[in-house]
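Please treat every number below as a calculation from the coordinates, not as lab data. The model shown is predicted, which means the values in this text are computed figures rather than measured ones. Using ideal geometry, Cβ is built from the backbone for each residue, glycine included, and neighbour counts are taken over all protein chains shown.
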Amino acid sequence: MVKVLSDELCQQIFPGMQNNPYFSILSDKTADVAVRRQLITFGCYLNDKHEVVTSFLGIWDIPNSTAVTIVKAIKGFLGSIVDVDMTKMAGYGSDGASVMVGNTNGVSVT
């Protein structure tokens, strides 16, 4: 059931991101009660009416919370599953943690 709903959601969201000249990504990492690390990601783009659309893209288990791991998870999803051209990414938003936006080793510069 979850797979069917996920596939339907993907068919509605991903063409909007794929057909736009630009898109943005919002992401945050979290740990659940079992201390399982996860990455939640949203995509933002403009629809045909030039309204901003923000859509849930996914939540993935990640082995650690390093910038390299987070970038690999985002690029892997966007590149292979969604088939979005990463050169069209115009922005990246996060909670401001150093692993996300650090000017040396953060996701935003990795």
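For the reader, a short list of remarks on this structure follows.
- Loop-resident sites, the stretch 17-110, for trypsin sites (Lys or Arg not before Pro), counting at most 16 other Cβ within 10 Å (DSSP): Arg36, Lys49
- Taking θ as phi - 60° and the Karplus parameters 6.51, -1.76 and 1.60, the scalar couplings of the stretch 32-40 work out to 8, 4, 7, 6, 7, 7, 9, 10, 10 Hz in sequence order, x denoting glycine and proline.
- By the beta-carbon count within 10 Å of each Cβ, the least crowded to most crowded order of Phe77, Phe56, Phe23, fewest first, is Phe56, Phe77, Phe23.
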